[in-house]
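Remarks on the structure that follows.
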Amino acid sequence: MMTNAAQAYEKWLQCILTVNAETGMFLTKRMQRDAQLPLSIVECHSPQDVLQAQVDFLKTMVEDYSHQANRLGQIVFESIHAIEQPQKPSWPQLEVDD
């Protein structure tokens, strides 16, 4: 039983570490994209160009956040499934007759 608890804790901890790493990489990427918006606006020649740059930015932002939420959900789902399905021992199990 202690082995199962240790395995569950290890899988839970790995899930947390993976979520943190994924989130850090995502935020770095998003901040880089966020910083590019003012540069895109400066290059615009008309109000319509500015509006299009903002629309493109928002569309990409929504897609990025949606993709990342799905990715994090998948990581958590797989981790929970791994915790609920502990590995069976490698040795043969003896059946006990009652």
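The values are calculated or read from the model by the stated rules, or taken from the named source; none is laboratory data. From a predicted model like this one, the values you see are computed outputs, not experimental measurements. Every residue, glycine as well, gets a Cβ built from its backbone with ideal geometry; the counts of neighbours run over all protein chains shown. Side chains are part of the model used for accessible areas, which takes the heavy atoms of the whole protein and leaves out ligands, DNA and RNA. Shrake-Rupley method; radii C 1.70, N 1.55, O 1.52, S 1.80 Å.
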Mind listing P(r) for the stretch 10-80? All alpha-carbon pairs, 10 Å bins, whole percents.
19, 37, 23, 14, 7, 1
List the GluC sites (Glu not before Pro) within the stretch 1-75 that fall in a DSSP loop (any state other than H, G, I, E or B) and whose Cβ has at most 13 other Cβ atoms within 10 Å.
E43
So how far apart, in nm, are the two label points at T18 and C44 if each is 7 Å from Cα heading toward Cβ?
4.1
Considering only protein heavy atoms, with the full assembly of protein chains and a 1.4 angstrom probe, order F26, F77 by accessible area, largest first.
F77, F26
Report L58's accessible area, 1.4 Å probe, all protein chains in place, as a number in Å² to the nearest 10.
90
Obtain the nm distance between the two label points defined at K59 and Y9 by a simple spin-label model: each point lies 7 Å from its Cα along the Cα-to-C-beta direction.
5.0
Add +1 for every Lys or Arg and -1 for every Asp or Glu among the other residues with Cβ under 15 Å from the Cβ of F57, and state the total.
-2
Solvent exposure ordering (accessible area, 1.4 Å, most first) of K59, K11, K29
K59, K29, K11
